[in-house]
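The values are calculated or read from the model by the stated rules, or taken from the named source; none is laboratory data. Small disclaimer: the values here were computed from a predicted structure and weren't measured. FYI the Cβ positions are ideal-geometry reconstructions off the backbone, even for glycines, and counts take in every protein chain you see.
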Amino acid sequence: MAVTILAVESSCDDTSAAVVRDGFVLSNLIATQSVHKAYGGVVPELASRAHQSNIVPVVDEAIKQAGVAKKEIDAVAFTRGPGLLGSLLVGTSFAKGFALSRNIPLIEVNHLHAHVLVHFVNDNREGHTVPTFPFLCLLVSGGHTKLILLKNHLEMETLGNTIDDAAGEAFDKCGKVMGMSYPAGPAIDKLAAQGNDKAFSFTKPMIKGLDFSFSGLKTNFLYFLRDRLEDDKDFIEDNLADLCASLQKTIIDILVTKLIAASKKTGIRDIGIAGGVSANAGLRGTLEREAAKRGWKLYLPKFSYTTDNAAMIGIVGYYKYLNEEFSDQSVVPLARI
Ligand code: KG4
Ligand code: ZN
């Protein structure tokens, strides 16, 4: 019997719903909230209000596009956390109501687990293979920078974590200093392709073990620009591509150095990346070169699965359903997990 999961994701500023059948994505809709652009970052109160108005139409459309009848849905999976509490509450409450009204199981999903499991989505892509276990994944987004070891579909261990900012925050905050709008990551990525990544050199942290740090780089970047602007008010404008390329190279070096160390420490060569920053062309290129050099089997997610989406929630939901890991109606969202 096929297993059909309705999944909802509302942890930050994207309202998403997907229908996943036997690990295959039938639909995956994302309503991105543009309301935050004017504020230079996500405004939690506005995010939860937008989720509230988006969730029903997005779910309706996901079910319609999947071509399934509501009665065919076997379970509903939702993001329990981590994320913004007001935003999580919307998806959690919706999922609870849906499960209750249809008398089907409710499945809570850890958002970070979901980012890692995008590599197990069955999407009939040509040449697409899934990783073998143990699998090592670098999760890089606006809120997280983690090295995660996946032992099987449902068991993971965090090997390394950022001790301050996330990699995406480093892109966004440094971009802001250069006058770019939020989120700056994609624009820096594009400009970096035209710049010289050796034009400037920035601070790299000396953190022991597999943890990361980006706050020193952010401060270094800020002071560097402040000093240069004192002599030349057009410094940023005249050097934008080189600044982006050099900044991006520094962030990539910090990430890749730790990923290599984690691979050496664990002996794992099935390696992937996930999260918003995993869309970065420079990071992808660097990892492809490292993979060829080190004999890694590298897994790069489809671009549509790098940002927050419900398909990834549905894939975790599917494996939890097979393992009968269900939640009851008393479940509450968790901002931190
Ligand atoms: O995973 P995500 O959509 O949301 C979070 O859960 O945080 O990640 C968003 C982050 C932002 O910081 C954004 O600047 C960054 O991912 N990002 C990128 C690129 N695309 C998105 N950073 C660098 N290069 C990109 N191409
Ligand atoms: Zn995310």
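Details
- Residues in segment 146-164 that are in a strand (DSSP E or B) and among the acidic types (D, E): E155, E157.
- Count - residues of segment 122-138 that are surrounded by 24 or more Cβ atoms within 10 Å (Cβ to Cβ) and part of a loop (DSSP other than H, G, I, E, B): 0
- Flag for S101 being over 14 Å from the mean Cα position of the chain (by Cα) and farther than 30 Å from L217 by Cα: yes
- Pair list, Cβ < 6 Å and 6+ apart or interchain, from segment 208-231 residues that are in contact (Cβ under 8 Å) with a residue 60 or more places away in the chain to residues that are of a type in the set (V, I, T): F212/T145; F212/T162
- Only listed residue being within 16 Å of ligand 1 (Cβ to nearest atom) and charged (D, E, K, R), chosen from D60, D22, D13: D13
- In segment 102-116, the residue that is farthest from ligand 2 (Cβ to nearest atom) out of those that are in contact with a Phe, Trp or Tyr (Cβ under 8 Å, 6 or more places away or on another chain) and in a strand (DSSP E or B) is L106.
- Residue check, S93 more than 16 Å from ligand 2 (Cβ to nearest atom) and modelled with pLDDT of 95 or more: yes
- Residue ID - modelled with the lowest pLDDT, chosen from residues in segment 305-327 that are outside any loop (DSSP other than H, G, I, E, B) and not hydrophobic (A, V, I, L, M, F, W, C): Y305
- Taking segment 180-202 as the range and being touching a Cys at 6+ places or on another chain (Cβ under 6 Å) and in a helix (DSSP H, G or I) as the test, the residues that pass are I188, L191, A192.
- In summary, I148 fulfils each of the numbered conditions (1) among the hydrophobic types (A, V, I, L, M, F, W, C); (2) under 20 Å from L300 (Cβ atoms); (3) buried (at least 24 other Cβ atoms within 10 Å of the Cβ) with the single exception of condition (3).
- Restricted to segment 27-54, and to residues there that are in a strand (DSSP E or B) and buried (at least 20 other Cβ atoms within 10 Å of the Cβ), the residue that is nearest to ligand 2 (Cβ to nearest atom) is N28.
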